[in-house]
1. Being more than 25 Å from A:Leu41 (Cβ to Cβ) and surrounded by fewer than 17 Cβ atoms within 10 Å (Cβ to Cβ) narrows it down to one of A:Ile285, A:Ile271, so name that one.
2. Answer with yes or no whether A:Glu301 is exposed (fewer than 15 other Cβ atoms within 10 Å of the Cβ) and under 27 Å from the mean Cα position of the chain (by Cα).
3. Test B:Phe268 against the stated conditions and say whether it is surrounded by 17 or more Cβ atoms within 10 Å (Cβ to Cβ) and either touching a residue at least 24 places away in the same chain (Cβ under 8 Å) or touching an Asp or Glu at 6+ places or on another chain (Cβ under 9 Å) (or both).
4. Which strands (runs of 3 or more DSSP E) sit wholly inside the stretch A:19-116 and have at least 1 residues that are surrounded by fewer than 21 Cβ atoms within 10 Å (Cβ to Cβ) and more than 8 Å from chain B (Cβ to nearest Cβ)?
5. Yes or no: A:Tyr84 aromatic (Phe, Trp, Tyr) and touching a helix residue (DSSP H, G or I) at 6+ places or on another chain (Cβ under 6 Å)?
6. Surrounded by fewer than 17 Cβ atoms within 10 Å (Cβ to Cβ), within 14 Å of chain B (Cβ to nearest Cβ), under 21 Å from A:Arg88 (Cβ atoms) and not basic (Lys, Arg): is that true of A:Pro132 in this structure?
7. Could you tell me whether A:Glu197 is without any contact (Cβ under 8 Å) to a residue 60 or more places away in the chain, surrounded by 18 or more Cβ atoms within 10 Å (Cβ to Cβ) and under 20 Å from the mean Cα position of the chain (by Cα)?
8. Confirm whether A:Thr7 is within 23 Å of A:Asp203 (Cα to Cα) and either part of a strand (DSSP E or B) or in contact with a strand residue (DSSP E or B) (Cβ under 8 Å, 6 or more places away or on another chain) (or both).
Amino acid sequence: MSLAIETKKLTKTYRSRGGKGVDVVKDLDLQVERGEIFGFLGPNGAGKTTTIKILLGIIHETSGEAFVLEKEAGDIEAHKRLSYLPERPYYYEHMTGLEVMRFYASLFKINDDALCKSLLERVNLANDMNRPISEYSKGMQQRVGLAQSLLNDPELLFLDEPTGGLDPMAHKEVRDLILNFRDEGRTVFISSHELSEIELICDRVAIINKGIVIKQGHLNELLTGARIELVFRGLAPDKAKEIAGPDAVVSQSGNSTVIDMAAGNNTDAIIDKARAGGGSVVSVIPRRLRLEDLFVESVREHGGGLA
Amino acid sequence: MSIILSIARTTIGEAVRRRILLVILLIGILFLVIAPSLNMLTPRQETTVLKGLTLGVIQITSAVIALVLTVYMLPNEVERRTIYTILSKPVQRWQFLIGKYLGAVGALGLMIAMMTFTLLFVYAVMQSEDKPAGAIALFIVILISLVSLTNKLKERASGQVVIALMAGGLMATLYWIGMATGQLETFSDFGKTAAMFFIQMCLLAAVGVFFSTFASPVVNFFLSGGVYMIGSLFNTLFDAVAENADMSPFAKGAVQLLQSIIPNFQNFSVQNTTVNPNQFIRGEFYHYMNLAGYGVLYIAILLILGIIIFDRKEV
């Protein structure tokens, strides 16, 4: 199957005034297959938006190659078949929702009011299409963004933080729309911090940190390790950290102390030590590895730079 | 072309709603309206000074609008990230830049036209001598009729048709008023001067757009403003340098280089013939065509340079 996105040793270096180069993206190799939802994850400043900008031809790579829909990144022919929804999109506020749609449609040389209206209906904005954008909530603006991103019936969608700042209802609506995109055979490339959201919808993910891809693969393969959650009462968090070791995550929840760790660790020994330290067991819950665990572990292994 | 026009239309729509521009325009119009009340001069002086003053107000107001409009144009698009959504569509960077420029020029044209119309209105009221109230009432009736007609047409005709009808209606009204007050020639002079101001401001907007491809808004404001100031004193300044025998050859060379780069904005200040009826331009039509050609050439060069820089710019 041909790839929707492919990068080979993609590098972007910014030079400071003193001439010192900073690699924002370094030797990035990405393969995004057609028809999948691909999550592009990383802490702030990891190089996610820079990568998307290179793929869209908004900025140029320093070295390496980037292909989008089998064309070089930035190719105008590829732009006819892709769409982009930036993080917290802004629209010209004097326009109504329908006028925004007409404007973006005109950039594709599409003059089809029925299409604009039907897409707004699809994102539940049928009753608000003639209201000015300035009166729209964040969620409504995001939905206009999604509607405009479908104007050209794209094969590939770039979504940068598509659920950022939305309430839970809007989250679900956007998530359902994205899942529909996949059902329609479109490729979706999502950059996001909302790991629980990504885990629910993505087929494959890549985790990037300091410009380097540190994990890439199918979610099912990446999230194979099991975890265990131990909840104690009367155990001080410092003591819990000492008992559980550096790889475990210790947190406080009300009167309880929670130890979250890999299932392979010696659970019995840790429970015994906790009891000896004055703690009593409240619960022992085995669970599946979450994307959040994988993300935190991967980033920590790679220098710990969570912003 | 449809992409460029679409971007231009959006830019006009945004520009005419920007509060800072509307405040500057309002101040300009206010000056034009109160100018006749400065009646400390003799009637003849009054007319001459009034013409000079009001045309000066239009020129300065238009220049400030052109600067404010263009220096923030590209930085605003980047800051609000609208540029990313647009450039991710099949839009070439040159199309975006030209669209933004044409939009700025369209908004400028609209604002200059409004000021010119106000000036003609003020002048016609002044000329109506003992019946200014009647003249004002007549103007208001005509304006209201035109606005209500436009509103009615809006539902039935496209935006371009409505604008064309509105502009045609205004022109016809002005022609009729000019005929009625015997001031058609003066009106025509005002119109020509305003048209030259418009070309001058298109040139200034091109300077602003050019600098906006690499300079920050504040730096751009001073750069474009500086070019406009030097260009507006072009002949006076460079003639004085040429006649200065004490100047070193190196300094003279530098000034000559500057002279060959900076556009001559002073060429477009043709208000002397409007202000002073004894002055006239020989071969007027060709003179204005030459000026327009000069302006268009400079605009084209500035936009091409801007496109070359913007094409490589990382936004």
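1. A:Ile285
2. Yes; evaluated as a whole, the condition is true for this residue.
3. Yes: the conditions hold for B:Phe268.
4. Those strands (runs of 3 or more DSSP E) span A:21-33, A:63-68.
5. No: the conditions fail for A:Tyr84.
6. Yes.
7. Yes; evaluated as a whole, the condition is true for this residue.
8. Working: within 23 Å of A:Asp203 (Cα to Cα): yes; either part of a strand (DSSP E or B) or in contact with a strand residue (DSSP E or B) (Cβ under 8 Å, 6 or more places away or on another chain) (or both): yes.
Answer is yes for this residue.
The values are calculated or read from the model by the stated rules, or taken from the named source; none is laboratory data. Fair warning: this is a prediction, and the values are worked out from it, not measured in the lab. Virtual Cβ from ideal backbone geometry, glycine too; neighbours counted across all protein chains shown.
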